[in-house]
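Notes for the one structure printed next.
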Amino acid sequence: MAGRYDRNPFDEDDVNPFAGGSVPPASNSRMPPLPHEPAGFYNDRGATVDIPLDSSKDLKQKEKELQSKEAGLNKRERELKRREEAAARAGIVIDNKNWPPFMPIIHHDISNDIPIHLQRMQYLAFCSLLGLTLCLFWNIIATTAAWIKGGGVIIWLLAIIYFISGVPGAYVLWYRPLYNAMRTESALKFGWFFLLYLIHIVFCVWSAVSPPFPFKGKSFAGFLPAIDIIGSNVIVGIFYFVGFGLFCLESLLSIVVIQQVYMYFRGSGKAAEMRQEATRGAMRSAF
């Protein structure tokens, strides 16, 4: 019967661990001590980093090199400025080529080079140059049609010559002088323009009529060749009549241009200035 009254293992002992005033240390609860951290492990502000710095000698050498480069650039700038001033005093204008945009071969900038009150006249003159280009190009087309219909290759070759000589010739002889005259308002350059532009107008009127002399036969698409051709070939005759109309329009536009330029020339006092300059030039030549 003794087994019935054995001690229950789940019964709690009536033991107060704080009764003795101290806690008995457990035999297996002691842990090994942590290793000591090195000094400054959590505070590395005292650590030094070795950064290679240039010596004062190297800094002075680089400073001298920069100063020498700056002096060279300043010298070049002063030289360029001196040359530009000398060119301006000599009347030499250095222009950048910007026209036509796809293959720049000349300088042409009316909006920036020409005074605003003269730009309209310059644009009209530019339209006259483009109109002459169109007339001579159409003349090649008309003579090509005539050549195909048995007109002979000579008139086509002459039309090519008229184009490759007429367009650059017009630019050099009268358009560029007017451009420079508008740009500098030089009276003598205006006089050169008037002389050569009158020849241009005579050429356009002559081409519109196209008499058989002094040019070869039907090498110009004008009125008389168109009358002669349309009886035998209507299509080629129409080409020639179109050329006649283009030359007529170019002649009228040229007359408007020279009229407006002459009105400005007289109204601005350039005529009197040109006479004075011509007189001074004649006196210098005499002495």
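Ligands, DNA and RNA excluded, the heavy atoms of S56 present near 80 Å² of accessible surface to a 1.4 Å solvent probe.
Between N96 and L198, the C-beta separation translates, for a Förster distance of 41 Å, into a calculated FRET efficiency of about 0.80.
Of the peptides 110-116, 70-76, the ranking by mean beta-carbon count within 10 Å, highest at the top, reads 110-116, 70-76. Amide H contacts under 5 Å for I106: N98, W99, restricted to partners 5 or more places along the chain or on a different chain, H placed in the peptide plane at 1.01 Å from N. Descending by average beta-carbon neighbour count within 10 Å, the peptides 124-130, 174-180, 100-106 line up as 174-180, 124-130, 100-106, the highest first.
Counting only heavy atoms of the protein chains and using a 1.4 Å probe, W206 has close to 90 Å² of accessible surface.
Keeping all protein chains in place, calculate the accessible area per residue for the stretch 68-170 (probe 1.4 angstrom), answer in Å². Each step should come with its number before you reach the end.
Numbers: 6820 Å² over 103 residues.
Heavy-atom accessible area per residue stands at 66 Å².
The heavy atoms of V234 present about 90 square angstrom of accessible area, all protein chains included, probe 1.4 Å.
Report the net charge of residues surrounding N112, where surrounding means a beta-carbon distance below 13 angstrom and charges are Lys +1, Arg +1, Asp -1, Glu -1.
Details: positive: R183; negative: D95, D109, D113.
Here the count lands on -2.
Give the cross-link partners of K97 among the lysines, using a straight C-alpha distance below 27 Å as the criterion and excluding same-chain residues fewer than 8 apart. Qualifying lysines at Cα under 27 Å: K81, K189.
Pull out a ≥ b ≥ c, the square roots of the eigenvalues of the alpha-carbon gyration tensor of the stretch 81-219, then state rounded if a/c is under 1.5, prolate if not and a/b is larger than b/c, and oblate in the remaining case. Don't jump to the answer; show the numbers that get you there.
On the way: a/c = 2.79, a/b = 2.15, b/c = 1.30.
Cα axes put the stretch 81-219 in the prolate bin.
Of the residues T143, T133, ranked by 1.4 Å probe accessible area with the largest first, the sequence reads T133, T143. The I160 and S111 beta-carbon pair, evaluated with R₀ = 35 Å, returns a calculated FRET efficiency of approximately 0.55. For I141 and Q61, the difference between the fully extended length at 0.36 nm per residue and the C-alpha to C-alpha distance is 21.6 nm.
The values are calculated or read from the model by the stated rules, or taken from the named source; none is laboratory data. Since this is a predicted model, take the numbers as computed values, not measurements. Using ideal geometry, Cβ is built from the backbone for each residue, glycine included, and neighbour counts are taken over all protein chains shown. Just the protein is used for accessible areas: all its heavy atoms, side chains included, with ligands, DNA and RNA removed. Shrake-Rupley method; radii C 1.70, N 1.55, O 1.52, S 1.80 Å.
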